[in-house]
1. Return the aspartates and glutamates within reach of K14: Cα separation strictly under 17 angstrom, same-chain partners fewer than 8 residues apart disregarded; answer none if there are no such residues.
2. Would you compute the Debye intensity of segment 70-213 from its alpha-carbon atoms alone, equal scatterers and no solvent, and pass along log10 I(q)/I(0) at q = 0.16 Å⁻¹ to two decimals?
3. May I ask you to compute the full-extension gain from T517 to D349, defined as 0.36 nm times their residue separation minus their alpha-carbon distance, rounded to one decimal in nm?
4. Between Rg and the Kirkwood Rh of segment 13-58, both from Cα atoms, what is the Rg to Rh ratio?
5. When you count, for each residue, the other Cβ atoms within 10 Å and take the mean per peptide, how do 299-309, 64-74 rank with the highest first?
6. Would you calculate the separation in nanometres between label points at R26 and E534, each defined as 7 Å from the Cα along the Cα-to-beta-carbon direction?
7. As a test of understanding, state the convex hull volume per residue of segment 1-111 from its alpha carbons, in Å³.
8. Taking every pair of alpha-carbon atoms in the chain, give the share separated by more than 36 Å as a whole percent.
Amino acid sequence: MTPSLPGCPTWPEKFVQRYRAAGYWRGYTFGQMLRERAAEHPERVAVVDGDRHISYRDLDVRADRLAAGLRGLGIGAGDRVVVQLPNIAEFFDVCFALFRLGAVPVFALPSHRLTEISYFCEFSEAAAYITVDVEAGFDHRKLAADVVAKVPGLQVLVAGEPGEFRALSDVDAEPAELPGPWPGDIAFLQLSGGSTGVPKLIPRTHDDYIYSFRASNEICGVTADTVYLGALPIAHNFPMSSPGTFGVLHAGGRVVLARRPSPDEVFPLIERERVTLVAAVPPLALVWLDAAADTEHDLSSLEVLQVGGAKCSEEVARRVRPVLGATLQQVFGMAEGLVNYTRLDDPDDVIRTTQGRPISPDDEVLVVDDADNPVAPGETGHLLTRGPYTIRGYYRAEEHNARAFTPDGYYRTGDVVRLTPAGNVVVEGRAKDQINRGGEKIAAEEVENHLLAHPAVHDAAVVSMPDDYLGERTCAFVVPRGTLPKARELIKFVRERGLAAYKVPDRVEFVEQFPQTGVGKVSKRDLREAISRELVPELKRRG
Ligand code: OOB
């Protein structure tokens, strides 16, 4: 099998045969999936965005017309298109149009800024950038103008008021016969949380991704009667495919979009649309639980609350059923592939204290020590995995792939876990150089590089510090050069370099030198301990 996109490692033929024979990879594409659903129940509502109720037939037609329009702009099979859209219906038009063309969306998040977007466009050699007019008070057309200045020749399409660019709504043509991609082709590039200087891109095929959410549907009880609320940014892997909006569309259910995740937006939608399933990161679940305790809105339709992206505390877990009357499902996944779920009928203590078990009988999961040797059962170690929906390598990243994957194709997740006797995963920590800020992943090295660009910074080391609400926040330790800069100034400097706000350090600490490990590397463990110690009195003061 050769994927359409050069630079994407794929599964060895033996595994391709195995995953097909087992019925995981069924040989159909996203375009065909929507066509089938539209034929089965054209009138059913697929997507709800504010007052807009879009049927399966409408979505199918919109995707066809947009695909034809994009083709008229010269966008075709294999072309990369950076997509940065918030939770609006156009997201699905764009996805399915690109899927049908065989063009490859690169899914950026709404919070990404000039540094990230121009990198995605340059690195993927994108033909186009599809964005929105204004989101959360931020004018994306200004960002697009800055991106175009750095990436000449990039076409920009804007959902909403286009300003100086082309309106997405004007990209419309009579549907044409398209050859369409193969099921084994790369459907899109997803972003990795990352632990390196620049984010890595994750190539996912039609076959592998569709399998992941079709199988998730079974585990999560998703059917044509499911009403799913997209409250997290829908371009992220969790709300996209676990089972997420794509799973629900596969089942012929209804996707309801929330533009913001706050209770004042989400609760009325749950009531109005009789939402049955919703996904949250732990801090968001906490906000919902607090607000639900005395809401006037009827949330009784809610059957399952999924919590994932970062570790769900037992405190949150215990409150879900009493407060919401819903079943908690813990979800431990990664855009690279492997997703674990607690099952809806698991005993309470399994749901409360574990992050569940893999989707597939063919998900191979190893827990190993530093030398890649399996640890004793129940012991803690590094999680390695391979399987029918876990990638074999990042897009155009040969050198990094040699480190991030074992020679026999296991992905090194960077997570430190143990397995319970029943095979449930418990996440105990992390070996990768990443901060998990309430589900948002920050590669320490990426932020360090930005700090190092400041003339008064001699060296920088970014680590996590504990936080009651987000679980972790970022602390940048800085060895200054010459006159001591102000923390505020460094934070402003990083922000002004055009970085997503969640990556800007929450705190800066100045030190004369970094503690070192035995082999002379910066000891981030010592830095984490130092900041934790310093925070104790502060946390106490706040009570
Ligand atoms: C999801 O995907 P990513 O790619 O943003 O982040 C993956 C990483 C994991 O390697 C792990 O470090 C962490 O996020 N993580 C969790 C977790 N879920 C993800 N750590 C502890 N407990 C959990 N429940 O975050 C993602 C993708 C698909 C489904 C769910 C989450």
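1. D207, D208, D362, D363, E364, D408
2. Each listed q corresponds, in turn, to -0.84.
3. 56.6 nm
4. Over the Cα atoms of segment 13-58, Rg/Rh equals 1.25.
5. Most protected by this proxy first, the peptides run 299-309, 64-74.
6. 5.5 nm
7. 132 Å³
8. 32 percent
Values quoted throughout were computed directly from the atomic coordinates according to the rules given, and no laboratory measurement underlies them. In this text the structure is predicted, and so the values were computed from the model without any measurement. Note that each Cβ is placed from the backbone with ideal geometry, even for glycine, and that neighbours are counted across all protein chains shown.
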